[in-house]
Amino acid sequence: MCPPEDDLSGDAFPPAAGEPLVPILRLDDGGDDADALATWHQALSNALSAEVPHDLLALWLYPTRGGAVLLGPEALAQDDLKVPLPSPQLLPQQLRVLEEIVRDAGYASTVGLPVRFGRRDVGMMLVASLAPGRYRGFELIVLQLAARRLAPSLGRLARQWGGAVQGPERVATLLDAIAQASAGGVTPQAFAAALGHALEQLVPHDRLELILSGPGGGRYYRLGEHVGGPLWADTSLVLDATTLDLHGLTDAHGRVLLGDAGREPRWPRGYFTALDPAGAELRAVVGAQATGPTRLTAYLLLGSVGPDLYDEADAELLTRVAALIAPQVALLAEQAARERDEPRVSLEPVQLLEITEVLALTAEPSEATRRVAELAGRFLPFDHLHFALRLNDGDRVVLLDPGERRAIPDLASVPVAGTALGEVLRGERLHYFALHQGEARLIVPLRVAGRVHGALVLTAAPPAVLNRSHLGPAQRVADLIAPHLELLRRAAMLPAPFHPGWKREHRR
């Protein structure tokens, strides 16, 4: 039976077809009230009992500070039931142990389900019946859907009960966080990582982005992923306003607040998915604009793969953070803009244009890689060129030679642990050059959206002319071909009977 709208538990979500009716937990007037929580828990049990009869429905919350809180039923607290804790998710074997304990207590049918919000479990639901043979098929599906619909409310409640600091203490914690990040961030990437770690206890998030705005806001550069070299040189970190319109997403107070970025056309759909190991989209986004003393404009963004996590208070907090870090961001950007390698080999735009045209117009990957190697050989003095591609997160790669017609899965893999190539792939080196007994070897990363998925490897026999001055041109070539090789790499990881060329992938 659905509770009336004036019930303390709140009204109910109108369910989609086939979904259970789950009462909304009002956080503003009942999230920390024991009576309101008990009433809401009873309403939840009543709502589910129509489709899933049960004798026990227990629900626990996992606050962000750690531990577990029983939301109901209150009487279960007297049993001192030991519940598993997520790290950051519950393991199936943990749930099985709990189910067995409850079955030993006399409940013939039991099932435990995690309530997952974003990347972490924020709660657990345990449903039990004295009757055997329950919670399979349709009933199990209903419970799984109920757990999914509970996730946003429990996600916000987990944060609310997570021991977040408030008032003067929050300001003090904020200042300390900025100081820690500034001390540990000697490069843009290190600063962004340190800032994300420092802000975690204030504003929980799955990703931090520090984005630099180009003149007029027409282009944006992911400064927080910049690992070295001149700014804007890594094309995989550049987004234009047609893909990401931060200027349009920012309100009059310089804040960004999105409940569900997946419904916002000015947010890049699918772009940040490639950056997440689990392939999860960012949903909730909060951020603020930072303007430095040189009028440099940057954006500090925090994102969660769960929706509706952030509020006006979070946006206001990040406004303060942005103002505090603006001088440091300006200094890091200025330092990066001045960075230069050793004297560079001149690389004319026409040479890059030829390679770009080959990649755009050649449908067959084997022919395209052959032509790219041929054109690169006009200004890079190598004898051999290889593309090393990672197919997983392990320490093995496949070596793709220019003109290779075999599918990537058919190529032999080689270990790279303990090698310079492995260090470049793991991001421990920006690049590598060595000269040994007259033979030269040069390695630069194949990077897409700030992540390294492979490497371009050049070797030259003695007496080698290839030297450190060729690192820049080699990286430019690698950046041009990297997105195309990434499409081949992803296709090779799919359980498909064929491996399409990159033009077919682009048309999708």
(message) Anything in segment 446-461 that is open to solvent by 10 Å² or more (accessible area, probe 1.4 Å) and either in a helix (DSSP H, G or I) or at pLDDT 85 or above (or both)? List them, or say none.
(response) 447, 452, 453, 459, 461
(request) Could you please find all residues in segment 114-134 being of a type outside the set (Val, Ile, Thr), open to solvent by less than 10 Å² (accessible area, probe 1.4 Å) and within 20 Å of residue 47 (Cβ to Cβ)? (result) 123, 124, 125, 126, 128, 129
(request) At least 3 residues that are at pLDDT 85 or above and open to solvent by less than 60 Å² (accessible area, probe 1.4 Å) in each: list the strands (runs of 3 or more DSSP E) lying fully within segment 334-443 that qualify. (result) 384-390, 396-400, 432-436
(request) Identify the residue in segment 202-227 that is among the aliphatic types (A, V, I, L, M) and open to solvent by 10 Å² or more (accessible area, probe 1.4 Å) and, among all such residues, is modelled with the lowest pLDDT. (result) 227
(message) Checking residue 292 against (1) under 26 Å from residue 335 (Cβ atoms); (2) at pLDDT 85 or above: exactly one of these is not met. Which one?
(response) (2)
(message) Considering only segment 87-104, I want to know if a residue exists there that is assigned to a helix (DSSP H, G or I), of a type in the set (A, V, I, L, M) and out of contact with any strand residue (DSSP E or B) (no Cβ under 6 Å at 6 or more places or on another chain).
(response) yes
(message) What's the total number of residues in segment 212-244 that are touching a residue at least 60 places away in the same chain (Cβ under 8 Å) and touching a Pro at 6+ places or on another chain (Cβ under 6 Å)?
(response) 2
(request) Taking the options 60, 40, name whichever one is modelled with pLDDT of 90 or more and among the aromatic types (Phe, Trp, Tyr). (result) 60
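The values are calculated or read from the model by the stated rules, or taken from the named source; none is laboratory data. Everything numeric here is computed off the predicted structure, so don't read it as measured data. Cβ atoms come from the backbone with ideal geometry, glycine included; neighbour counts cover every protein chain shown. Heavy atoms of the whole protein, side chains included, go into the accessibility calculation; ligands, DNA and RNA do not. Shrake-Rupley method; radii C 1.70, N 1.55, O 1.52, S 1.80 Å.
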